[in-house]
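Peer 1: Handing you a structure now.
Read-outs throughout are calculated quantities, based only on the coordinates presented, and are distinct from any laboratory measurement. Remember, predicted model here, so these are calculated numbers, not experimental data. All Cβ positions, glycine included, derive from the backbone under ideal geometry; neighbour counts span all protein chains shown.
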Amino acid sequence: MKIAIIGYGKMGKTIEQLAIEKGHEIVLKVDIKNAFTWTNEQLKKADIAIEFTRPESAIGNIIRCFECGVPVISGTTGWVEKMDKIKDTCKKLDGGFFYASNFSIGVNLFFKLNKILAKMMETYSDYDVSLEEIHHTQKLDAPSGTAITLAEGLLEKISRKSKWINEAIRKENDLPIFSKRIENIPGTHSIHYDSEIDSIEIKHTAHSRLGFAKGALMAAEWMNNRKGVYSMDDLLSQTIT
């Protein structure tokens with residue numbers, strides 16, 4: 001499979017290493033040096049594109065892939081309020097698009113666990129719920145896309161919370177997300193249920209970028225030659241129930 005890597009940072013380089021080990025070919029690497037000079041002709045040589053850039057660049061990159069007829073995998077967060085636009089454009093241009101706020105298999109299992117526990121805790125109003133996410137200092141968006149996905153899962157199951165909020169001042173029915181930025185932390189997400197009697201916590205801790213890169217490459221292999229819009233739920237539906 002011929003792959004274009006759009007966003008050749010730490011994640012892109014890890015994906016490249018894994019892809020080459022599996023016998024794939026990297027036909028385009030986009031980084032700060034060629035961000036404004038790479039061409040559609042270069043992109044069209046790829047069977048699939050993997051996009052990990054910045055929120056302000058992601059939409060243009062994704063649409064460009066649609067226009068060139070190249071299915072695209074994106075893990076860039078911080079722009080999903082424009083998701084309807086991307087889905088409409090994908091359909092209009094008969095493109096292929098796969099998005100995940102987090103490509104780690106473990107995190108996606110954690111998403112499922114979060115909803116199961118939240119459904120159980122709906123009955124127990126004595127427990128207040130909150131989220132904490134910790135990332136490296138280069139992480140641009142706060143809260144993280146993963147934290148937002150977890151928060152949306154909680155709001156789906158716990159009726160006493162109406163919206164998530166990333167601020168210290170909040171109302172009783174707000175779901176707080178506390179964001180911390182610490183050097184060399186790939187990503188830690190925890191859900192806390194606290195009462196006067198006790199506390200319950202579930203946590204996912206990433207030890208490196210390798211899990212994210214493996215999931216992104218798995219998605220790229222699965223997405224090759226597919227049309228339409230997909231997510232990790234589609235990819236993992238046969239192995240996670």
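Peer 1: Using the structure shown, select from Lys119/Lys161; Lys112/Lys180; Lys45/Lys227; Lys22/Lys45; Lys115/Lys171 the pairs with a Cα to Cα distance greater than 21 angstrom. Mind showing how you got there, number by number?
Peer 2: On the way: Lys119/Lys161 13 Å; Lys112/Lys180 24 Å; Lys45/Lys227 18 Å; Lys22/Lys45 19 Å; Lys115/Lys171 23 Å.
Where the Cα-Cα span goes over 21 Å, the pairs concerned are Lys112/Lys180; Lys115/Lys171.
Peer 1: If you look at just the Cα atoms of the range 105-206, how large are its Rg and its Dmax in Å?
Peer 2: Rg then Dmax for the range 105-206, in Å: 13.1, 39.
Peer 1: Next question. Based on the Cβ-Cβ distance from Ile200 to Asp174, what FRET efficiency comes out when R0 is 22 Å, to the nearest 0.05?
Peer 2: Values: r = 20 Å, r/R0 = 0.90.
Step by step, r from the Cβ atoms, then E = 0.65.
Peer 1: Given a 10 angstrom Cα cut-off, can you work out which residue in Asp128, Asp174, Asp198 is the most mobile in a GNM of the chain?
Peer 2: Result for the chain, Cα springs under 10 Å: Asp198 fluctuates most.
Peer 1: Build a GNM of the chain with springs between Cα atoms under 10 Å: which of Glu172, Glu122, Glu133 gets the top mean-square fluctuation?
Peer 2: Among Glu172, Glu122, Glu133, the largest GNM mean-square fluctuation belongs to Glu172.
Peer 1: Further, regarding this structure: Sum up the charges of everything whose Cβ sits under 14 Å from the Cβ of Leu140, counting Lys and Arg as +1 and Asp and Glu as -1, but leave Leu140 out.
Peer 2: Numbers: positive: Lys10, Arg54, Lys139, Arg181; negative: Glu56, Glu133, Asp141.
My count for the surroundings of Leu140 gives +1.
Peer 1: Using a 7 Å offset from the Cα along the Cα-to-Cβ direction at both Lys163 and Lys13, what is the distance between the two label points in nm, to one decimal?
Peer 2: Label-label distance for Lys163 and Lys13, simple model: 4.1 nm.
Peer 1: What is the order of Phe110, Phe36, fewest Cβ neighbours within 10 Å to most? Show your work: numbers first, answer last.
Peer 2: Numbers: Phe110 22, Phe36 7.
Result, fewest neighbours first: Phe36, Phe110.
Peer 1: Sticking with this structure for a sec: Using a simple spin-label model with points 7 Å from Cα along the Cα→Cβ vector, what separation in nm is obtained for Ile185 and Asp88?
Peer 2: Reported label-point gap for Ile185 and Asp88 is 3.8 nm.
Peer 1: GNM on the chain, C-alpha springs below 10 Å: top fluctuator among Ala213, Ala49, Ala118?
Peer 2: So, out of Ala213, Ala49, Ala118, the one fluctuating most is Ala118.
Peer 1: Work out, step by step, the length gained on full extension between Lys112 and Ile32: first 0.36 nm times the residue separation, then minus their alpha carbon distance; give nm to one decimal.
Peer 2: Values: separation 80, 0.36 × 80 = 28.80 nm, distance 3.64 nm.
Length difference between fully extended and current span is 25.2 nm.
Peer 1: Would you mind calculating the gained length between Leu210 and Asp141 on full extension (0.36 nm times residue separation, minus the Cα-Cα distance), in nm to one decimal? Intermediate values should be presented prior to the final figure.
Peer 2: On the way: separation 69, 0.36 × 69 = 24.84 nm, distance 2.06 nm.
Using 0.36 nm per residue and subtracting the Cα-Cα distance, I get 22.8 nm.
Peer 1: Suppose we look only past 34 Å in the calculated P(r) of the chain. What percent of the Cα-Cα pairs does that tail hold?
Peer 2: Numbers: 5444 of 28920 pairs.
Of the Cα pairs, 19 percent sit more than 34 Å apart.
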